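Encoded as structure tokens, the structure appears first; notes follow it.
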Amino acid sequence: MKRILTLLLAVVLTGCEATAVKDTASIQTKAVLSQDIQTPVQVPVAFYVDRGKPELGVNFYGQLEKATKFVGDSMFMSAEKVSTDSKYQFLIYFKTSSRWDRTWGGWDSVIDMTVYSKTGENLYSTSTPTSTAAMTGLYDMTAIYNSFAQGTKEAITGFLNSQGSANLAKAQADFIVNPVVLSLKDILGDKYSPESTGTGFFVNKDGQLVTSAHVVDQCLYLEVRHKGQKLPAKVEHFSSILDLAVVSTDFTQTNHATISNTKAPSLGKQVFVTGFPLSGILSEYPSLTMGNVSSLGGLKGSQGHFQFSAPIQPGNSGGAVVDFRGNVLGVVSSTLNQEMMLTEMKTTSQNVNFGVEVGLLKRFLDKKNISYPLADSKTDFETSSAAAVEYTNQVLCYK
């Protein structure tokens, strides 16, 4: 008996690998498309899938995104994952929550769908239950994808029926005449929250900031929080190799950093870092930590980087590394991965952090024709740290 139960449990956990659906016509749904609506509907749409939280380590976000693209391609003239350059008549927002059936196996999910017009009007909302077959394996991605494809087709069919052929024809004509759309944040509102945050600092009076490239990589929408005020922003220049980026805002002000005349920091130099670590846990006011330049090379001796001991946390990336006189010596880039250290070295490290040195920063800014003050500041620590609070900002990345 024990052996039989063990074998049964193994079947529940692994299941039989499903076969991915090949076309949307073969997907059976309760909703039937009205006869007067012809697909693909001649309007462009964009899909935004809420990333949510993984369920038991399963990436439902990725499977739902694949399913929406698969179904959307057959039901609309143009269907794409939303981007900063997307032009669409309808924005279709998806979010899913799922629960594993511990008795029989299989995932029970609910797909929430809301359709917005390009001007932000809520046109349609629905919640569609869907599930994988009983005895499906816990990590059978294909079965999850198939269930999401079915739920997505069910939800979109309901939306198209609610609009009717006449309204869909009007939407097509309207897009041709006026293709302008609102930003994702304006349309989704509270549903659209930052996926990650970092730090940036003003380098001139024109509202341009320096930050790390990985902070703003693949952001659909970008904001800079300056003294509690959220400013729309955009990436002007980007280098993944240097891990540097320039972000522009419409905010013009006089508080900005002073870039050091030196090419690289000196060993042992006292420095501080101002930034916004652990967003959502700590306050929205910038924090300051102090340390020293502890090495003139980066990880494994990489050139153009240096090591410093001022403590940093997630959210500090992109902040300025400043000496006690107020001169920017570099840009916070990364810290030594503690999980990797435990795995590879069987120990942990303390305050082993890395920055892009000021010489590379200046070459990057010069090449991109970004103005910045080049000087040799002689202010005291209190004045320098107070100034850093004024020119340091939080960078919010929406994906």
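For region 131-150, taking the residues that are part of a loop (DSSP other than H, G, I, E, B) and of a type in the set (A, V, I, L, M), the one that is modelled with the lowest pLDDT is identified as Met135. Considering region 370-392, and only residues there that are of a type in the set (S, T, N, Q), within 11 Å of Ala257 (Cβ to Cβ) and at pLDDT 95 or above, the residue that is farthest from the chain's Cα centre (by Cα) turns out to be Ser384.
Taking region 29-51 as the range and being in contact with a strand residue (DSSP E or B) (Cβ under 6 Å, 6 or more places away or on another chain) and either closer than 21 Å to Gln150 by Cβ or of a type in the set (Gly, Ala, Ser) (or both) as the test, the residues that pass are Pro40, Val41, Val45, Ala46, Phe47, Tyr48, Val49, Asp50. The condition (being surrounded by fewer than 22 Cβ atoms within 10 Å (Cβ to Cβ) and within 25 Å of the chain's Cα centre (by Cα)) is satisfied by just one residue among Thr119, Thr126, Thr152: Thr119.
For Phe70, are the conditions met, namely being in contact (Cβ under 8 Å) with a residue 12 or more places away in the chain, surrounded by 15 or more Cβ atoms within 10 Å (Cβ to Cβ), in contact with a strand residue (DSSP E or B) (Cβ under 9 Å, 6 or more places away or on another chain) and closer than 21 Å to Thr39 by Cβ? Spelling it out, it is not the case that Phe70 is in contact (Cβ under 8 Å) with a residue 12 or more places away in the chain, surrounded by 15 or more Cβ atoms within 10 Å (Cβ to Cβ), in contact with a strand residue (DSSP E or B) (Cβ under 9 Å, 6 or more places away or on another chain) and closer than 21 Å to Thr39 by Cβ.
Of a type in the set (A, V, I, L, M, F, W, C), in contact with a helix residue (DSSP H, G or I) (Cβ under 8 Å, 6 or more places away or on another chain), modelled with pLDDT of 95 or more and more than 26 Å from Val49 (Cα to Cα): does that describe Val235?
On the way: of a type in the set (A, V, I, L, M, F, W, C): yes; in contact with a helix residue (DSSP H, G or I) (Cβ under 8 Å, 6 or more places away or on another chain): yes; modelled with pLDDT of 95 or more: yes; more than 26 Å from Val49 (Cα to Cα): no.
So Val235 fails the test.
The set of residues in region 311-334 that are within 16 Å of Ser295 (Cβ to Cβ) and surrounded by 24 or more Cβ atoms within 10 Å (Cβ to Cβ) comprises Ile312, Val321, Leu329, Gly330, Val332, Ser333. So if I check each of Gln35, Gln42, which one is out of contact with any helix residue (DSSP H, G or I) (no Cβ under 7 Å at 6 or more places or on another chain) and at pLDDT 50 or above? Going through Gln35, Gln42 in turn, just one is out of contact with any helix residue (DSSP H, G or I) (no Cβ under 7 Å at 6 or more places or on another chain) and at pLDDT 50 or above: Gln35.
Taking Leu160, is it more than 30 Å from Ile370 (Cα to Cα) and aliphatic (A, V, I, L, M)? It is true that Leu160 is more than 30 Å from Ile370 (Cα to Cα) and aliphatic (A, V, I, L, M).
Can you find, within region 212-232, the residue that is modelled with the lowest pLDDT among those that are hydrophobic (A, V, I, L, M, F, W, C) and part of a strand (DSSP E or B)? Selected residue: Leu231. For region 149-189, the set of residues classified as touching a helix residue (DSSP H, G or I) at 6+ places or on another chain (Cβ under 6 Å) and closer than 18 Å to Ala46 by Cβ consists of Thr152, Lys153, Ile156, listed by residue number.
The single condition among (1) out of contact with any helix residue (DSSP H, G or I) (no Cβ under 9 Å at 6 or more places or on another chain); (2) at pLDDT 95 or above; (3) of a type outside the set (D, E, K, R) that Tyr116 does not meet is (1).
Any residue in region 44-55 that is of a type in the set (Ser, Thr, Tyr), buried (at least 17 other Cβ atoms within 10 Å of the Cβ), within 21 Å of Ser193 (Cα to Cα) and without any contact (Cβ under 8 Å) to a residue 60 or more places away in the chain? No, region 44-55 contains no residue that is of a type in the set (Ser, Thr, Tyr), buried (at least 17 other Cβ atoms within 10 Å of the Cβ), within 21 Å of Ser193 (Cα to Cα) and without any contact (Cβ under 8 Å) to a residue 60 or more places away in the chain. Out of contact with any Phe, Trp or Tyr (no Cβ under 9 Å at 6 or more places or on another chain) and not aliphatic (A, V, I, L, M) - does that describe any residue in region 86-95? So far as region 86-95 goes, yes, one or more of its residues are out of contact with any Phe, Trp or Tyr (no Cβ under 9 Å at 6 or more places or on another chain) and not aliphatic (A, V, I, L, M).
Being surrounded by 12 or more Cβ atoms within 10 Å (Cβ to Cβ) and over 17 Å from Tyr391 (Cα atoms) is the filter here, so list the residues in region 217-234 that pass it. Listed by number, the residues that qualify are Asp217, Cys219, Leu220, Tyr221, Leu222, Lys234. The number of residues in region 206-229 being more than 24 Å from Phe354 (Cα to Cα) and in contact with a Lys or Arg (Cβ under 7 Å, 6 or more places away or on another chain) comes to 4.
Do we have Tyr93 as within 30 Å of the chain's Cα centre (by Cα), in contact (Cβ under 8 Å) with a residue 12 or more places away in the chain and in a loop (DSSP other than H, G, I, E, B) here? For Tyr93, the condition - within 30 Å of the chain's Cα centre (by Cα), in contact (Cβ under 8 Å) with a residue 12 or more places away in the chain and in a loop (DSSP other than H, G, I, E, B) - is not met.
Restricting attention to region 348-399, the residues that are in a helix (DSSP H, G or I) and surrounded by fewer than 16 Cβ atoms within 10 Å (Cβ to Cβ) add up to 8. Go through region 83-116 residue by residue and tally those that are touching a strand residue (DSSP E or B) at 6+ places or on another chain (Cβ under 9 Å), under 30 Å from Pro179 (Cβ atoms) and surrounded by fewer than 18 Cβ atoms within 10 Å (Cβ to Cβ). Qualifying residue count, region 83-116: 4.
The values are calculated or read from the model by the stated rules, or taken from the named source; none is laboratory data. What you see is a predicted model; the values in this text were computed from it and never measured. All Cβ positions, even for glycine, are placed from backbone atoms using ideal geometry, and neighbour counts span all protein chains on display.
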